[in-house]
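The values are calculated or read from the model by the stated rules, or taken from the named source; none is laboratory data. As the structure is a computational prediction, the values presented were derived from the model and not from experiment. Here Cβ is always computed from backbone atoms with ideal geometry, including for glycine, and neighbour counts include all displayed protein chains. In case anyone asks, the SASA skips ligands and DNA or RNA and just uses the protein heavy atoms, side chains included. Shrake-Rupley method; radii C 1.70, N 1.55, O 1.52, S 1.80 Å.
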Amino acid sequence: MASRQMHLGVFVLGTGNHIAGWRYPGAADSFQDLGVIQQIARTAERGRFDLIFLGDGLSAGPDDHPSFTARFEPITMLAALAATTTHIGLGATASTTYGEPFSVARAFASLDHLSSGRAAWNAVTSSNGRAGANFGRAHPPHAERYAVAEEFVDVVRGLWDCWEDGAILADRTTGRYIDAGKVHKLRHKGRYFEVEGPLNIGRCPQGQPVVLQAGASAPGQALAARTADVVFAVVQDLEEARASYAGFKALLPRYGRAAEDVAILPGVMPVLGATQEEALQKLAVLQSFVDESNALSMLSGRLGTDMSAYPLDGPVPDLPLPDSSHGFARTMLAKARRDGMKLRDLYNLTAAARGHWVLCGTPETVADTLEEWFATGAADGFNILPPYFPGGFDDFVDQVVPLLQARGLFRHDYAGRTLRQHLGLARPACRPPVLAD
Ligand SMILES: Cc1cc2nc3c(=O)[nH]c(=O)nc-3n(C[C@H](O)[C@H](O)[C@H](O)COP(=O)(O)O)c2cc1C
């Protein structure tokens, strides 16, 4: 039997994942530039990554991360990438709070066809309350957002199963275009949605696009355990990551699923140097570019509290879990307590990787650490957050990936063409909706 191998995704933000990555010499400075994104996608394929991943939000403010301020709509962007790539999985975020299941199911089914089976949907509940103002409604509370999300994901999956394989006959002789017996209505009438179906696009190459999830609250984990194929985790510490990995995998049997049905990919920002000192120096240069208002806005967003009222050189205050995102706040506050951080330290950490883990080192020490996490029950792979593009990503692909490959921890080449194949997931059987009448 082949030994277990890592899965790697890259979190794409055109201006870099570091809040000031765009200021690094030679770094790209736009998230509205097709050339930049195409280069990232080519690099990801060169590195044999499983997928590229685009986050998304539905509002913009001048103090946001630069890539959140001005960016393409993700499905549109991935449709463009589908045409210039051949293997890389294409993951985009779409909100269950501000979208419609029919539109989301249709968009991702289209992307799956356009890319010959490489689409993935990151189902998010939209933690940023400012989005409400752009949709003419109040931002629902956390619990309601997840209640909606549970139904939303079921409707999307139900729509994807309205078409069986082989439903499109296009038989010139008989004149029959569709085998009507293989196209089904959904007739969903739920608490939040009423959707008749069927979807107006045939069954996807992957059967169903891959579903990604990144919620870390109890309802977020329950949704992921029931419906996700890949989970993005926010981590800062190996012990904590092992505990949350084990806790999540233990949820799966409740939903009739096995540990290997869902890959857990913690986020990590690798900062590489020829020596440890050089890597730390690179991070120091990046940190020296940080603009105070961006960093405060990011920290306030992550903690769900306006942090400008607290002195930066004071202690990190005890804050309740916010209504926005439990995952980031819980991980960051635990890290602050463990390390006895001042608020300024937490602010610097958030500026660096938006609350994700920053790993500085040589290619060897970074590969050693990733191997340790992978081999000791903390990860099935990683969501790589390069601090800046293209150099920060090139460094990882050219210097760390070959080490992982040489150790048998990562593929040398793609064995399949679809994202499900990269992830080792079977193409799901079609389960057409069972209608009551
Ligand atoms: C790696 C990662 C990426 C995420 N990307 C997005 C995103 O693009 N848009 C978004 O609204 N939320 C995003 N989130 C937030 C979560 O999906 C989730 O909605 C949020 O954390 C609230 O859920 P929780 O309270 O269960 O943690 C992301 C979270 C993580 C860990």
Residues that are part of a loop (DSSP other than H, G, I, E, B), open to solvent by 10 Å² or more (accessible area, probe 1.4 Å), of a type in the set (Ser, Thr, Tyr) and more than 13 Å from the ligand (Cβ to nearest atom): does the range 73-83 have at least one?
no
| Residue check, residue 48 in a loop (DSSP other than H, G, I, E, B), open to solvent by 40 Å² or more (accessible area, probe 1.4 Å) and within 16 Å of the ligand (Cβ to nearest atom) | no
Per the filter on the range 129-146, residues in a helix (DSSP H, G or I) and aliphatic (A, V, I, L, M) are 131, 133, 143
For the range 295-312, the count of residues that are surrounded by fewer than 22 Cβ atoms within 10 Å (Cβ to Cβ), part of a helix (DSSP H, G or I), in contact (Cβ under 8 Å) with a residue 12 or more places away in the chain and not hydroxyl-bearing (Ser, Thr, Tyr) equals 1
Taking the range 355-384 and the residues there that are touching a helix residue (DSSP H, G or I) at 6+ places or on another chain (Cβ under 6 Å) and assigned to a loop (DSSP other than H, G, I, E, B), the one that is farthest from the ligand (Cβ to nearest atom) would be 377
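Just to be sure before I move on: is residue 286 open to solvent by less than 30 Å² (accessible area, probe 1.4 Å), closer than 20 Å to residue 356 by Cβ and of a type outside the set (Ser, Thr, Tyr) in the structure I sent?
Yes.
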So, first residue acidic (Asp, Glu) in the range 18-46, second residue open to solvent by 20 Å² or more (accessible area, probe 1.4 Å), Cβ within less than 6 Å, six or more apart or across chains; the pairs are 29/22; 45/87
Q.
Looking for something of a type in the set (Phe, Trp, Tyr), in a strand (DSSP E or B) and either modelled with pLDDT under 95 or touching a Leu at 6+ places or on another chain (Cβ under 9 Å) (or both) - is there at least one such residue anywhere in the range 7-29?
A. yes
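Given the structure, is residue 149 within 18 Å of the chain's Cα centre (by Cα) and either within 16 Å of the ligand (Cβ to nearest atom) or in a helix (DSSP H, G or I) (or both)?
Spelling it out, residue 149 is indeed within 18 Å of the chain's Cα centre (by Cα) and either within 16 Å of the ligand (Cβ to nearest atom) or in a helix (DSSP H, G or I) (or both).
Among 234, 230, which is the only one that is under 15 Å from the mean Cα position of the chain (by Cα), open to solvent by 10 Å² or more (accessible area, probe 1.4 Å) and within 11 Å of the ligand (Cβ to nearest atom)?
Being under 15 Å from the mean Cα position of the chain (by Cα), open to solvent by 10 Å² or more (accessible area, probe 1.4 Å) and within 11 Å of the ligand (Cβ to nearest atom) holds for just one of 234, 230, which is 234.
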Of the residues in the range 1-46, those that are among the charged types (D, E, K, R) and touching a Ser or Thr at 6+ places or on another chain (Cβ under 8 Å) come to 29, 42, 45
Here the residues within the range 107-122 that are open to solvent by 10 Å² or more (accessible area, probe 1.4 Å) and either small (Gly, Ala, Ser) or closer than 19 Å to residue 46 by Cα (or both) are 107, 110, 116
Residue hits (the range 160-174; in a loop (DSSP other than H, G, I, E, B) and either open to solvent by less than 50 Å² (accessible area, probe 1.4 Å) or touching a residue at least 40 places away in the same chain (Cβ under 8 Å) (or both)) are 161, 162, 164, 165, 166, 167
Exercise. For residue 302, are the conditions met, namely being within 15 Å of the ligand (Cβ to nearest atom), touching a helix residue (DSSP H, G or I) at 6+ places or on another chain (Cβ under 6 Å) and of a type in the set (D, E, K, R)?
Worked result: yes
Note to self: Please verify whether residue 323 is within 16 Å of the ligand (Cβ to nearest atom), among the acidic types (Asp, Glu) and not in a strand (DSSP E or B), treating the condition exactly as stated.
What the structure shows: yes
When every residue in the range 87-106 that is open to solvent by 30 Å² or more (accessible area, probe 1.4 Å) and outside any loop (DSSP other than H, G, I, E, B) is compared, the one nearest to the ligand (Cβ to nearest atom) is 103
Result of the Cβ filter at 6 Å on the range 376-404, keeping first residues that are under 22 Å from residue 231 (Cβ atoms) and touching a residue at least 60 places away in the same chain (Cβ under 8 Å) and partners that are charged (D, E, K, R) and open to solvent by 10 Å² or more (accessible area, probe 1.4 Å), at least 6 apart or interchain, is 377/242; 378/242
Here the residues within the range 175-214 that are within 16 Å of the ligand (Cβ to nearest atom) and either touching a Phe, Trp or Tyr at 6+ places or on another chain (Cβ under 6 Å) or not in a strand (DSSP E or B) (or both) are 211, 214
